[in-house]
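**Q** Below you will find the structure I want to go over with you.
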Amino acid sequence: MTRSKFTRFCKLTLLAGCSLYSLHGVAQAQDAATAPAADEPTTVTVLGSRIPRTQKEGPAPVTVITSSDISARGFASVPDILKSVTQNSGQTLSQQSYGGAIMTPGSAQVDLRGLGPNHTLIMINGRRVADFPMPFNGLSNFTDISNIPAALIDRVEVLSGSASAIYGSDAIAGVVNFSMKKNVEDTTLNYRYGMTEQGGGASHRLSLATGFNKDRLSVTFGAQYDKQDPLWAFDRKIQDSRDDAPTARARFPFKVAQRYDDDADTATEGGTDCSGLTKLAGGTVVKTTDRSDDYYCASPTAVAYGTILSQREALNTFTNINYQLNDTTSLFAEVSLGTSDTALMNDVTYWRYQLPDGSISAFYNDYSSGYESWSRVFMPEEMGGLKKGMITNHSSTISVSPGIRGQFGEQWTYEAALNYSQYSSTIKIPQIVAAKANAFYLGESQGVDSDGYDIFNADPAKLFTALTPAQYASISEEARTSAKATTKGVSLTLNHPDIFDLPAGPVGFAVVAELDHQNYLVNPNPEATNFGYYYQYAATSGAGERNHQALGVEFNLPLLSTLQGSLATRYDQYKYDGHTIGKLTYNAGLEYRPVKEVLLRAAYGTGFRAPDLHYVFANLDLFHPSVTDYYKCRIEEPGTDYSDCSYSDEDILKHREGNRNLKPETSSSYNYGAVWQPNRYFDISVDYFNVDMKDQVNDMSLDQVLRDEADCRVGATETGTAVNSGSPTCVDALSRVHRDEDGNISYVYINPINVSNEKTDGIDVEMHALWPTPYGQFKLAAGHTHVLNHTSVQYAGDAEVDRLAKDSDYYIPRDKTNMALTWSLAPVSVTVSGTRIGRLPNYDEDAWVKPWTLYNATALWDITPSVKATLTINNLLDTKPAKDNTWAGYPYYNSNWYDSVGRSAYLELSYKFK
């Protein structure tokens, strides 16, 4: 949609809303504006405890986002909701991320406290769900939040800090629980249409919520259908061309074809003929030269063949069934079903001459009697359209939890439930088949010359000729991966509000027992696990399972009339592949209320995470890193600085696979703070948090293995200290580094180990205020997180890394803030909200990028008791990504924190059937 159409759309919507508001009557609105809020329930269950309580605040802070907040702040999806949470401060993979596109297409992660997505526990209605079946960054498991239907959420609860003593493994950084809507008796139909001001990325959402009560049976059903059109990079001026790069050195056109003369160490003008490629990339391919005076065929706009927003079509449903057997017992079942199809594009496909082991090589060309290197990039016209270059992911999810809950004795309550959850994906990634492309461009091999280079008789005219879609299809295919993750188990919870009495009151008690089984399978087509089959691509694979059992108890302890304590402990045990690991965790909290308006609170807890299934069961993966061969440097060029050594940039194979002897990761965390609520219209909380993780799983240091191997072979360290070649360190290092008959490294074998430590601490602030006035009600909600320190030690003996420093190679903001101001005068309410991300390092990591704030605005009209209209403008000020004059890599900004979608509008109509 053009900018003028977008503007007319917003104006017409506003005018229609104002007219309806006028018809409905202002007098009725003024009466409703000052109406008091409904009374709170007598007891609530607070995230972080299984014991119902009368106070909503507990010993650890919990951020709650209600369905009203979601509507008022215009959140289009669950990832949008979580992006606003100030405790969600880690850098995750965006839709434009190469790693996200290749490894976990279509997924979205939560990273509380910046400790990694695998350290945040995600639950729906207090129950675990299956992981996304593909590992994050090819390494660890995590839970995908992209398939949770935002329109069906009643509230989102975020508890940051260790909760393993309550919920078990994974809850080191915290817990996010999605409570879905229940007890819906009316039928409500919602339709939401979205568009962007600069065009592209239109979206549709249709949701239905309904339910009924009949005798002893109550049923709630919700369904949400989403359709998102792709937003292409070439649709945004900020990244539609290499000319958008912030530095002159980065503004050279995107290379489409080049013939490089290795003898002359240049690509000559005479050896470059672009006449057969000029119609590609929309007719923008021309002959050009780069800063090294090398000639090639290129296009400035060909860099922009990728998606900013993925194409997505999804249907998700949630059903809650409850049948009252008698006055004290009921049967229930919660069923979630979902399916989604995602398509995204990160880049076009490439080819250079690739050897069977996956390495890139020059070749001897009889046609020109010289050594050459050819490179080729394939444009959409050759592929047969953009869709041929898109990565697709077809996913399906199912979660079923039937159970029974009730009461026995005088005050005992219980819940017993089964839980089955499965996440399946079929991922297809377009790839060039190396051998087919080699044969197409170079013909049959003529043998090998005396220097070991393959010989071909290849006419360069073929390199500089556009392919037909049929020719492209003959050298390409889709790499396919089928992946599945499953969780199934049974749980039993018992509660008693007065298990015994203390002088200050009754002691609440809860006990939970769990028994479950997890498994996963990542199964690519066999060719994809061979690094040399596809051009510069190999798929990860793995399969494994484990059994888990746990027993936990919790107490609420009224120590004094003004002092409440809580204590929880839990033992978890995992069994897999002949191994048994167990961990006891505990949590203790205090709540002190010196006066009714003030709460002082503190909590301390231990946490753990059982090793990720993929860390344990990953099959052998092959990588092609460049390393320093310390042994050859010390033997053949003694005294030479490693940076000047002839063996300082050796291309080798790295073999990596899982480790079945990993230990659990462990943590300790504590918080303390205060809540002040002088009246029902205002409250503010300030809390300090501290998390200390130990035994984090990380891959072995390839560099350190090679240093140890050199010491062991030489028999001494670089400083002359003797080394015992029979020591455990030497035996291990020598077994990992494999050399050929000439002494060259052929491959190094590594695996993940428990080696890293990480710490973070900071301050969370939350505030809520309400002002009823004759002119409407004003409501303010704000949150702020300030990280004081975030440090890590990757390997034993390493120096501590300050992850908040600009040169740390991490992009974690020290500060994150959100705010929402709402004015309501029935039947109208208007909300302006904003999220501010503090400064981040620039690309060169020698300066800071300024803080960045995004504002949204939402207007809601209750047209009639049955009809409601909502207009949301996201990115109200059309804020561009934070400017970084050193970010020379495409798309020329940090796409994991910012995007170039620009201003967008959403119109939602809701009808409630009476």
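Here's the yes/no breakdown for (1) closer than 24 Å to Gln228 by Cβ; (2) touching a residue at least 12 places away in the same chain (Cβ under 8 Å); (3) of a type outside the set (Asp, Glu):
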| position | (1), (2), (3) |
| --- | --- |
| Leu280 | no, yes, yes |
| Val285 | no, yes, yes |
| Thr288 | no, yes, yes |
| Asp294 | no, yes, no |
| Ala302 | no, yes, yes |
| Thr317 | yes, yes, yes |
| Thr329 | no, yes, yes |
| Gln354 | no, yes, yes |
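**Q** So is Val219 among the hydrophobic types (A, V, I, L, M, F, W, C) and closer than 30 Å to Ser49 by Cβ or not?
**A** yes
The rows are residues; the columns are (1) assigned to a helix (DSSP H, G or I); (2) over 30 Å from Asn523 (Cβ atoms).
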residue: Phe608; (1), (2): no, no
residue: His614; (1), (2): yes, no
residue: Cys633; (1), (2): yes, yes
residue: Ser643; (1), (2): yes, yes
residue: Arg660; (1), (2): no, no
residue: Trp676; (1), (2): no, yes
residue: Asp683; (1), (2): no, yes
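**Q** Out of the residues in the stretch 159-198 that are farther than 30 Å from Asp764 by Cα and of a type in the set (Val, Ile, Thr), state the one that is modelled with the lowest pLDDT.
**A** Here the residue is Val184.
**Q** Which pairs do you get when a residue that is within 30 Å of Pro526 (Cα to Cα), found in the stretch 479-494, comes within reach of a residue that is assigned to a strand (DSSP E or B) and among the acidic types (Asp, Glu), reach meaning Cβ atoms under 7 angstrom, with the pair 6+ apart or on two chains?
**A** Close Cβ pairs (under 7 Å, with a partner that is assigned to a strand (DSSP E or B) and among the acidic types (Asp, Glu)) amount to Thr487/Asp516; Lys488/Asp516.
**Q** Continuing with this model, one more query. Of these, Val748, Val755, Val828, which one is under 26 Å from the mean Cα position of the chain (by Cα) and hydrophobic (A, V, I, L, M, F, W, C)?
**A** On inspection, the qualifying residue turns out to be Val755.
**Q** Which members of the stretch 333-348 meet the condition of being more than 26 Å from Ala257 (Cβ to Cβ) and free of Cβ contacts under 8 Å to residues at least 60 places away in the same chain?
**A** Result: Thr339, Asp341.
**Q** Any residue at all in the stretch 884-896 that's without any contact (Cβ under 8 Å) to a residue 60 or more places away in the chain and either acidic (Asp, Glu) or in contact with a Ser or Thr (Cβ under 9 Å, 6 or more places away or on another chain) (or both)?
**A** Taking every residue of the stretch 884-896 in turn, none turns out to be without any contact (Cβ under 8 Å) to a residue 60 or more places away in the chain and either acidic (Asp, Glu) or in contact with a Ser or Thr (Cβ under 9 Å, 6 or more places away or on another chain) (or both).
**Q** Does Ala805 qualify as being of a type in the set (Gly, Ala, Ser) and under 27 Å from Gly762 (Cα atoms)?
**A** So Ala805 passes the test.
**Q** Return the only residue of Asn818, Asn789, Asn874, Asn856 being buried (at least 20 other Cβ atoms within 10 Å of the Cβ) and within 21 Å of Leu112 (Cα to Cα).
**A** Asn818
**Q** So, one more: I'm trying to understand the selection: among the residues of the stretch 518-566, which are within 30 Å of Glu478 (Cβ to Cβ) and hydroxyl-bearing (Ser, Thr, Tyr)?
**A** Tyr520, Thr529, Tyr533, Tyr534, Tyr535, Tyr537, Thr540, Ser541, listed by residue number.
**Q** Can you tell me which residue is surrounded by the fewest Cβ atoms within 10 Å (Cβ to Cβ) among those in the stretch 518-545 that are in contact with a helix residue (DSSP H, G or I) (Cβ under 7 Å, 6 or more places away or on another chain) and part of a strand (DSSP E or B)?
**A** Ala543
For every residue, the table says whether it meets (1) surrounded by 15 or more Cβ atoms within 10 Å (Cβ to Cβ); (2) not small (Gly, Ala, Ser).
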| residue | (1), (2) |
| --- | --- |
| Ser561 | no, no |
| Arg570 | yes, yes |
| Thr580 | no, yes |
| Gly589 | yes, no |
| Asp612 | yes, yes |
| Tyr615 | yes, yes |
| Pro625 | no, yes |
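**Q** Here is a list: Thr585, Thr529. Which entry is within 23 Å of Thr426 (Cβ to Cβ) and of a type in the set (Val, Ile, Thr)?
**A** Among Thr585, Thr529, only Thr529 is within 23 Å of Thr426 (Cβ to Cβ) and of a type in the set (Val, Ile, Thr).
**Q** Are any of the residues in the stretch 577-587 of a type in the set (A, V, I, L, M), in contact with a Phe, Trp or Tyr (Cβ under 7 Å, 6 or more places away or on another chain), without any contact (Cβ under 8 Å) to a residue 60 or more places away in the chain and over 22 Å from Ser756 (Cα atoms)?
**A** For the stretch 577-587, residues of a type in the set (A, V, I, L, M), in contact with a Phe, Trp or Tyr (Cβ under 7 Å, 6 or more places away or on another chain), without any contact (Cβ under 8 Å) to a residue 60 or more places away in the chain and over 22 Å from Ser756 (Cα atoms): absent.
**Q** Picking from Ala72, Ala60, Ala33, Ala76, which residue would you name as being surrounded by 15 or more Cβ atoms within 10 Å (Cβ to Cβ) and either in contact with a Pro (Cβ under 6 Å, 6 or more places away or on another chain) or modelled with pLDDT under 65 (or both)?
**A** It is Ala33.
**Q** Here's something else I'd like to know. Out of Gly99, Gly48, I need the residue that is surrounded by fewer than 24 Cβ atoms within 10 Å (Cβ to Cβ), in contact with a Leu (Cβ under 6 Å, 6 or more places away or on another chain) and either in contact (Cβ under 8 Å) with a residue 12 or more places away in the chain or not hydroxyl-bearing (Ser, Thr, Tyr) (or both). Which one?
**A** It is Gly99.
**Q** Hey, among Ala281, Ala298, Ala264, which residue is surrounded by 21 or more Cβ atoms within 10 Å (Cβ to Cβ) and assigned to a loop (DSSP other than H, G, I, E, B)?
**A** Ala281
**Q** Filter the stretch 821-838 for residues that are more than 22 Å from Glu766 (Cβ to Cβ) and of a type outside the set (Gly, Ala, Ser); which is surrounded by the most Cβ atoms within 10 Å (Cβ to Cβ)?
**A** The selected residue is Pro827.
**Q** Look through Ser179, Ser207, Ser203 and report the one residue that is assigned by TED's automatic domain parsing to the domain that holds Gly58, surrounded by 21 or more Cβ atoms within 10 Å (Cβ to Cβ) and either more than 26 Å from Tyr906 (Cβ to Cβ) or not β-branched (Val, Ile, Thr) (or both).
**A** It is Ser207.
**Q** Can you name every residue in the stretch 661-680 that is touching a Phe, Trp or Tyr at 6+ places or on another chain (Cβ under 8 Å) and either over 23 Å from Asp761 (Cβ atoms) or free of Cβ contacts under 8 Å to residues at least 40 places away in the same chain (or both)?
**A** Leu662
**Q** Something else now. Across the stretch 341-392, which residue is surrounded by the most Cβ atoms within 10 Å (Cβ to Cβ) among those that are of a type in the set (Gly, Ala, Ser), out of contact with any Ser or Thr (no Cβ under 6 Å at 6 or more places or on another chain) and within 16 Å of Gln311 (Cβ to Cβ)?
**A** Restricting to residues being of a type in the set (Gly, Ala, Ser), out of contact with any Ser or Thr (no Cβ under 6 Å at 6 or more places or on another chain) and within 16 Å of Gln311 (Cβ to Cβ), the top hit is Gly389.
**Q** Just name the residue that is farthest from Ala343 (Cα to Cα) out of those in the stretch 219-243 that are surrounded by fewer than 20 Cβ atoms within 10 Å (Cβ to Cβ) and of a type in the set (D, E, K, R).
**A** Top of the filtered list is Asp243.
**Q** Are there strands (runs of 3 or more DSSP E) fully within the stretch 353-453 with at least 2 residues that are outside the structural domain of Met103 (by TED's automatic domain parsing) and of a type in the set (Ser, Thr, Tyr)? List them.
**A** 370-378
**Q** Has the stretch 436-455 got any residue that is of a type in the set (Lys, Arg), over 30 Å from Thr328 (Cβ atoms) and either in contact with a strand residue (DSSP E or B) (Cβ under 6 Å, 6 or more places away or on another chain) or exposed (fewer than 14 other Cβ atoms within 10 Å of the Cβ) (or both)?
**A** No - not one qualifying residue is present in the stretch 436-455.
**Q** Same structure again: Being farther than 30 Å from Lys779 by Cβ, of a type outside the set (Val, Ile, Thr) and outside the structural domain of Asp629 (by TED's automatic domain parsing) is true for just one of Asp711, Asp761, Asp740, Asp732. Which residue is that?
**A** Asp761
The values are calculated or read from the model by the stated rules, or taken from the named source; none is laboratory data. Keep in mind it's a predicted model, so treat the numbers as computed, not measured. Cβ atoms come from the backbone with ideal geometry, glycine included; neighbour counts cover every protein chain shown.
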